[in-house]
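What follows is one structure encoded as structure tokens, with my remarks underneath.
The values are calculated or read from the model by the stated rules, or taken from the named source; none is laboratory data. Small disclaimer: the values here were computed from a predicted structure and weren't measured. For neighbour counting, all protein chains shown are included, and Cβ atoms are generated from backbone atoms with ideal geometry for every residue, glycine included.
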Amino acid sequence: MTSTTPSSAEPRDLIADTEAVVLVGGKGTRLRPLTISAPKPMLPTAGLPFLTHLLSRIRAAGIRRVVLGTSFKAEVFEEHFGDGSDLDLELTYVVETEPLGTGGGIRNVLDELTASTIMVFNGDVLGGTDLTRILDLHHAKSADLTMHLVRVSDPRAFGCVPTDDDGRVLEFLEKTQDPPTDQINAGCYVFRRDLIAQIPEGVPVSVERETFPQLLAEGKRVFGFVDSAYWRDMGTPEDFVRGSADLVRGIAPSPALHGHAGESLVHEGAGIGAGAVLVGGTVVGRGAEIGAGARLDGAVVFDGARIEAGATVERSIIGFGARIGHRALIRDGVIGDGADIGARCELLRGARVWPGVVIPDGGIRYSTDM
Ligand code: GDD
Ligand code: MG
């Protein structure tokens, strides 16, 4: 190895002294019933567990050591990712037996952290931001804490974060009905490690409702990094469907997908009948069967599901092994694992069918013509 003597820390040294924490302990209630069997970050998106996209992005930024803060269905993560070597990561896991919230979850992994700079991620965000730019800003500002911020049309479902002209964070307002700006918390933070040590240990803490307002009240140097790269929280069915389609079409970047882009993505062992139409970023999982003349537009079809001839699936998620009968219509719906939707049924506008539920032929309709 060649040795250099930099006068100040080189970017590479900064990255080497950076570790990541990914919070994956939430229950994913807004994605029920899919999250009854799998935690939200493990749901297949463009054929990979969602978390694979985020972990690959962390690795692509040069970070190698990642700690997963788990709680709900904790064992599933380690079973799939193991020591992380498949992704060229060093992965460790810390389980909260009772969920400790976002702040408690960060505090709970402190013993696993050795670097002085810690990047923390919400485990359900699909994004295209260059993470090294957030780190660079953090160091350039000698910040205590730097947050990634994005602009959205409706900030009320997020943490609203106004900043001053220098990018310094003025307030942190979690899910306020009266947001003063459209700038929101994108769910990625750079912490100085010693700040994490100040979070109370072993008790539930919300980083958004407690830690951030407290750090601001103490006058800590908290900065926002704002950009307009792709960003989406995958926590609702609408966003999950959109994010998945954006990955398939190459609108959302993922280092894990190696540049795939097209109207649809069909996995091995899937069968596609004659005249079936697959558009809008549709994904067909392993071993799934799509009948002749079926039309799938922005559909997310999990492994082993069956869409019968002439059925239509638009902007909907079809769970593992579910069946959609002949000429049925599913639009903006979520069909649980193993559910059985009879021929000619219509399920629209946010309908959710629980796992294993059987709906007989023509059993639910929005129109009277059969
Ligand atoms: N370890 C652990 N323990 N993780 C948790 C816990 C917990 O008790 N509770 C939630 N998480 C994880 C979730 O798994 C998820 O990855 C992340 O923390 C954020 O939780 P969400 O439930 O998805 O929060 P949100 O989407 O309503 O709001 C958050 O994200 C927005 C951006 O996507 C907040 O951070 C908002 O301020 C932010 O704007
Ligand atoms: Mg979320």
_Selection status of A256, of a type outside the set (S, T, Y), closer than 30 Å to H138 by Cβ and part of a loop (DSSP other than H, G, I, E, B)_ = no
*So, of the residues in the range 152-164 that are in a strand (DSSP E or B) and touching a residue at least 40 places away in the same chain (Cβ under 8 Å), which turns out to be farthest from ligand 2 (Cβ to nearest atom)?*
T163
*For the range 53-67, enumerate the residues that are of a type outside the set (D, E, K, R) and outside any helix (DSSP H, G or I).*
A61, G62, I63, V66, V67
*Collect the residues in the range 165-193 that are without any contact (Cβ under 8 Å) to a residue 60 or more places away in the chain and more than 16 Å from F212 (Cβ to Cβ), keeping them in residue-number order.*
D165, D166, Q177, D178, D182
*Go through (1) within 14 Å of ligand 1 (Cβ to nearest atom); (2) among the small types (G, A, S); (3) closer than 22 Å to L278 by Cβ and name the single condition G262 misses.*
(1)
_Testing G219 on (1) surrounded by 15 or more Cβ atoms within 10 Å (Cβ to Cβ); (2) in a loop (DSSP other than H, G, I, E, B), one condition comes back false. Which one is that?_
(1)
*Go through the range 36-50 and give me each residue that's within 16 Å of ligand 1 (Cβ to nearest atom), modelled with pLDDT of 95 or more and farther than 13 Å from F77 by Cβ.*
T45
*Hey, can you tell me all the residues within the range 188-216 that are surrounded by fewer than 20 Cβ atoms within 10 Å (Cβ to Cβ), among the hydrophobic types (A, V, I, L, M, F, W, C) and under 18 Å from C160 (Cα atoms)?*
L216
_Residue ID - farthest from ligand 2 (Cβ to nearest atom), chosen from residues in the range 108-141 that are closer than 22 Å to F158 by Cα and touching an Asp or Glu at 6+ places or on another chain (Cβ under 7 Å)_ = T129
*Restricting attention to the range 15-41, which residues are more than 19 Å from G69 (Cβ to Cβ) and of a type in the set (D, E)?*
D17
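Would you mention how many residues in the range 183-206 are away from ligand 1 (no atom under 12 Å from the Cβ) and out of contact with any Asp or Glu (no Cβ under 7 Å at 6 or more places or on another chain)?
11
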*Tell me, which residue of the range 52-89 that is within 16 Å of ligand 2 (Cβ to nearest atom) and at pLDDT below 95 is surrounded by the most Cβ atoms within 10 Å (Cβ to Cβ)?*
S71
*Which residues, taken from the range 122-151, are without any contact (Cβ under 8 Å) to a residue 60 or more places away in the chain and within 15 Å of ligand 1 (Cβ to nearest atom)?*
none
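Can you find a residue in the range 226-247 that is in a strand (DSSP E or B), within 14 Å of ligand 1 (Cβ to nearest atom) and β-branched (V, I, T)?
Yes, some residue in the range 226-247 is in a strand (DSSP E or B), within 14 Å of ligand 1 (Cβ to nearest atom) and β-branched (V, I, T).
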